[in-house]
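Worksheet: the structure to be examined is printed underneath.
The values are calculated or read from the model by the stated rules, or taken from the named source; none is laboratory data. Model, not experiment: these values are computed from the prediction. Here the Cβ is made from the backbone with ideal geometry for all residues, glycine too, and neighbour counts use every protein chain on show. Side chains are part of the model used for accessible areas, which takes the heavy atoms of the whole protein and leaves out ligands, DNA and RNA. Shrake-Rupley method; radii C 1.70, N 1.55, O 1.52, S 1.80 Å.
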Amino acid sequence: AYRETLTQAIQVGYSILKQGGTSQEAVEKTIHVMEDSPLFNAGKGAVLTADDTIELDASFMNGATLDAGAIAGVQHVKHPISAAIAVMEKSPHVMLSGAGADQFAQEQGLEWVPSEYFFTERRINSLKRVKEAEQRRQSAVEVATDPYLVQQRMGTVGCVALDQQGNLAAGTSTGGMTNKKWNRIGDAPIIGAGTYANNATCAISATGWGEFFIRSVVAHDISALMEYKGLSIEQAAYQVIHEKVGPLGGDGGIVGIDSKGNIAMEMNTTGMYRAHINAKGELTVKIYKDE
Ligand code: ASP
């Protein structure tokens, strides 16, 4: 099911690019397919907070203009990635949060749904299991590294694209971490941490243990290694994931593409749902690290 949905999603973006569409539209529409699927931790399939609510985070960056937009903690926007793009295009700000961000999205005419739309049995069950684990162990670190629980927080969605005009774009959308408290915000809506795009270097979208991705400023760090040190996207992504995030104790990965169309998909986890299509239309879909 994951492979099928990834294929469907990336085909949507690819056909936009093939017809001369923008990387921004390709990223947005590709992410919509994953936000509409209950499989991924974004939109419909988002994980639940400790208060049995959902709080969705998303961000977008345009590599041509370095414009960016983000939302955090929204509860009613059906497609958070579109709300992030609306913040970029229709507001003087970069980041909106909470009820105000939902209100802004509604004023922009974006699709609004009751919170119940996002509640799936799978996520209700995983919240129960996380709460049980928390009571048993009492250690936030143990809960955060439990293999079952790590599995439950996986599934943040992201997309990066290079269009025929040579413009890069990156977007990321997530429900965050199961059982999150106190309006916790992860890396996904933070420009430079979970998302970054710059035509001079690359477009990056990250998934993983958000606190470590914020502290490592992952997406921008990859771009900076390319810009200031002349590293390739593969070298830069490898260095940041394995020599920075890993030693700090974090786990996760990134998808990235550079201004020449070179692709990087780096992770320090056992897998990451991922797909790419090159300019010839050749499709690759993978789940496990060593596929
Ligand atoms: N990065 C997301 C967050 O920390 C979760 C994930 O990608 O697994 O909110």
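One residue stands out in the range 219-241 among those that are among the hydroxyl-bearing types (Ser, Thr, Tyr) and part of a helix (DSSP H, G or I): the one that is farthest from residue 189 (Cα to Cα), namely 228. Please tell me if residue 56 is touching a Phe, Trp or Tyr at 6+ places or on another chain (Cβ under 9 Å) and at pLDDT 95 or above. The answer is yes for residue 56. When restricted to residues that are open to solvent by 60 Å² or more (accessible area, probe 1.4 Å) and touching a helix residue (DSSP H, G or I) at 6+ places or on another chain (Cβ under 7 Å), the range 245-282 contains 2. Regarding the range 24-44, can at least one residue be identified that is open to solvent by less than 20 Å² (accessible area, probe 1.4 Å) and farther than 14 Å from residue 158 by Cα? No, the range 24-44 contains no residue that is open to solvent by less than 20 Å² (accessible area, probe 1.4 Å) and farther than 14 Å from residue 158 by Cα. With the requirement that a residue be acidic (Asp, Glu) and under 17 Å from residue 42 (Cβ atoms), what does the range 76-110 give you? Within the range 76-110, just 102 meets the criteria.
Per-residue answers, yes or no, for (1) closer than 22 Å to residue 11 by Cβ; (2) at pLDDT 95 or above; (3) touching a Ser or Thr at 6+ places or on another chain (Cβ under 8 Å):
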position	(1), (2), (3)
146	no, no, no
151	no, no, no
161	yes, yes, yes
172	yes, yes, yes
180	no, no, yes
190	no, yes, yes
194	no, yes, yes
198	no, yes, yes
203	yes, yes, yes
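Cβ-Cβ contacts under 6 Å between residues 6 or more apart (or on different chains), taken from a first residue in the range 163-188 that is acidic (Asp, Glu) to a second residue that is within 14 Å of the ligand (Cβ to nearest atom) and open to solvent by less than 10 Å² (accessible area, probe 1.4 Å), are listed as 187/193; 187/194; 187/210; 187/213.
Within the range 110-128, residues that are on the phi < 0 side of the Ramachandran plot sit with their Cβ atoms under 9 Å from residues that are assigned to a loop (DSSP other than H, G, I, E, B) and open to solvent by 80 Å² or more (accessible area, probe 1.4 Å), at 6+ positions apart or across chains, in these pairs: 119/52; 124/52; 127/52. Scanning the range 54-111 for residues that are part of a helix (DSSP H, G or I), surrounded by fewer than 16 Cβ atoms within 10 Å (Cβ to Cβ) and β-branched (Val, Ile, Thr) yields nothing.
Inside the range 181-233, residues that are buried (at least 24 other Cβ atoms within 10 Å of the Cβ), near the ligand (Cβ under 9 Å from one of its atoms) and over 20 Å from residue 95 (Cα atoms) make up a count of 1.
Let's see how each residue does on (1) aliphatic (A, V, I, L, M); (2) away from the ligand (no atom under 16 Å from the Cβ):
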site	(1), (2)
8	no, yes
20	no, yes
40	no, no
47	yes, no
52	no, yes
57	no, no
62	no, yes
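Can you confirm whether residue 44 is of a type in the set (Lys, Arg) and in contact (Cβ under 8 Å) with a residue 60 or more places away in the chain? Here the answer is yes, as residue 44 does meet what is asked. Residue 19: over 17 Å from residue 169 (Cβ atoms) and at pLDDT 95 or above, yes or no? So residue 19 does not fit the description; no.
Taking the range 43-53 as the range and being assigned to a loop (DSSP other than H, G, I, E, B), on the phi < 0 side of the Ramachandran plot and not hydrophobic (A, V, I, L, M, F, W, C) as the test, the residues that pass are 49, 51, 53. Within the range 167-180, the set of residues being within 12 Å of the ligand (Cβ to nearest atom), on the phi < 0 side of the Ramachandran plot and either among the small types (Gly, Ala, Ser) or in contact with a Pro (Cβ under 7 Å, 6 or more places away or on another chain) (or both) comprises 173, 175.
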